[in-house]
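*Asks:* Quick one: the structure is below, and I'll ask about it shortly.
Just so it is clear, none of the values below were taken in a lab; they were calculated from the coordinates. Note that the structure is predicted; figures quoted are calculated from it, not measured. All Cβ positions, even for glycine, are placed from backbone atoms using ideal geometry, and neighbour counts span all protein chains on display.
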Amino acid sequence: MALTLYDCATAPSPRRARLLLAEKGVAHETVAVDLRQGEQFSPAFRAINPHCTVPVLLADDGLTLTDNASIIAWVEARFPEPALLGHSPGDKAAVAHWHSRAEWEGLMGVAEALRNGSPAMANRALPGPVDYAQIPALAERGRQRAQHFFAALDAQLAQQPFVAGAAFSVADITAVVAVDFARAVKLRPLDDGPHLRQWRERLAQRPAFVADAALMAAAARPAPAPPSAGT
Ligand SMILES: N[C@@H](CCC(=O)N[C@@H](CS)C(=O)NCC(=O)O)C(=O)O
């Protein structure tokens, strides 16, 4: 089965799907969607995902998954090992709890702060095909929610090596995406969280994260200048 991930190397949500596929070792093609140029609103992309967001995962049998929730559920069912949603009932519950918090308090807190505070996101307070006006008070509330989550995460990581227990899971993926995304609103959770910092350093050594860091660094580099005549 051939899979295609619609991705954007500079955005947090598709990074979750990218890390999931890399941790599972699932081969796939990648199509880059340039969110800064508004490619998500093009007729061609709307035909794939009318919600105008990435990630999207397509399979050549016609399966189209247009958000992380469905991508995670399908990838775990189709490629069960390594299990990233937990093995035992207790593990699954712990992963569900921390994954939901990482998404809702961490990632959404940072997104709320950025999307309601950045002049570049005026009228784009929520992703998707509908424009929503910013609510400036949500920018500060989002920062507070994210900060409280990062403090809780640091306390959690003082007890165990990974966010939801002894094993790496999707909770680690979403939590680390939130931690790294916090830079966008000038939060530095690693400075105040020694356990968070050690966990982040351990994750950085995983092959999936090494590859991902290289990809993001390449995306952040300015495009090389075209060769000038005579050189
Ligand atoms: N619920 C979606 C959210 C996806 C999402 O918000 N993606 C952002 C990138 S981080 C996007 O596509 N934004 C397009 C826009 O802002 O117009 C998921 O997690 O899959």
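*Asks:* Taking a label point 7 Å from the Cα of E29 along the Cα→Cβ vector, which residues of segment 63-101 have an amide N closer than 19 Å to it?
*Replies:* Hits in segment 63-101 for E29 at 19 Å: 63-66.
*Asks:* Further question: Positive end of the dipole of the chain, charges at C-beta (+1 Lys, Arg; -1 Asp, Glu), about the Cα centre: which of P136, L85, L196 has its Cα farthest in that direction?
*Replies:* P136
*Asks:* Give me the percent of DSSP beta bridges within the chain that run antiparallel, rounded to the nearest 5.
*Replies:* Antiparallel bridges make up about 60 percent of those DSSP assigns within the chain.
*Asks:* Moving on. Mind sorting F41, F149 by how few other Cβ atoms lie within 10 Å of their own Cβ, fewest first?
*Replies:* Starting with the residue having the fewest Cβ neighbours, the order is F41, F149.
*Asks:* If you take the charge dipole of segment 3-78 about its Cα centre, with +1 on Lys and Arg Cβ and -1 on Asp and Glu Cβ, which of G38, P55, P12 is farthest toward its positive end?
*Replies:* In segment 3-78, that residue is P12.
*Asks:* Let me ask something additional. Residue by residue, what Karplus-based ³J(HN,Hα) values in Hz, rounded to whole numbers, does segment 47-63 have, using 6.51, -1.76 and 1.60 with θ = phi - 60° and x for Gly and Pro?
*Replies:* 5, 8, 9, x, 7, 6, 9, 10, x, 9, 10, 10, 10, 6, 8, x, 4
*Asks:* Suppose we keep just the DSSP beta bridges with both residues in segment 1-94; what percent of those would be antiparallel, to 5?
*Replies:* 60 percent
*Asks:* If r is the Cβ-Cβ distance from K92 to H195 and R0 is 30 Å, what FRET efficiency results, to the nearest 0.05?
*Replies:* My answer for the efficiency is 0.80.
*Asks:* At a threshold of 8 angstrom on Cα-Cα distance, excluding pairs fewer than six apart, so keeping six or more, what relative contact order does the chain reach in percent?
*Replies:* 19 percent
*Asks:* Now for a separate question. Note down the Stokes-Einstein diffusion coefficient of segment 60-119 in µm²/s, whole number, using a Kirkwood radius over alpha carbon pairs, 10 °C, and 1.306 mPa s.
*Replies:* 117 µm²/s
*Asks:* Can you tell me the dipole magnitude for segment 89-206 around its Cα centre, using point charges on the Cβ only (Lys, Arg +1; Asp, Glu -1), in Debye to the nearest 20? Don't skip to the end; give the middle numbers.
*Replies:* Values: 14 positive and 12 negative charges, 31 e Å.
Its charge dipole is roughly 140 debye.
*Asks:* Shifting gears a bit: Output needed for segment 117-231: three equivalent-ellipsoid semi-axes, defined as square roots of 5 times the C-alpha gyration tensor eigenvalues, in descending order, whole Å.
*Replies:* The answer is 30, 25, 13 Å, longest axis first.
*Asks:* Using unit Cβ charges (K, R positive; D, E negative) and no other charged atoms, how large, in debye to the nearest 20, is the dipole of the chain about its Cα centre?
*Replies:* Values: 22 positive and 23 negative charges, 108 e Å.
Roughly 520 debye, rounded to the nearest 20.
*Asks:* Over all distinct alpha-carbon pairs, what is the Kirkwood Rh of segment 49-149 in angstrom?
*Replies:* Values: mean 1/r = 0.0640 Å⁻¹.
With all distinct Cα pairs of segment 49-149 included, I get 15.6 Å.
*Asks:* Quick check: residue separation of I135 and R202 times 0.36 nm, minus the Cα distance between them. What number comes out in nm? All intermediate terms of the calculation are to be shown ahead of the outcome.
*Replies:* Numbers: separation 67, 0.36 × 67 = 24.12 nm, distance 3.73 nm.
Length gained between I135 and R202: 20.4 nm.
*Asks:* Any idea what Rg and Dmax come out to for segment 1-60 if you just take the C-alpha atoms, in Å?
*Replies:* Reported Rg and Dmax, both Å: 11.2, 32.
*Asks:* While we're looking at this one, here's another question. Please grab the % of Cα pairs in the chain that end up more than 27 Å from each other.
*Replies:* Here the tail beyond 27 Å accounts for 36 percent of pairs.
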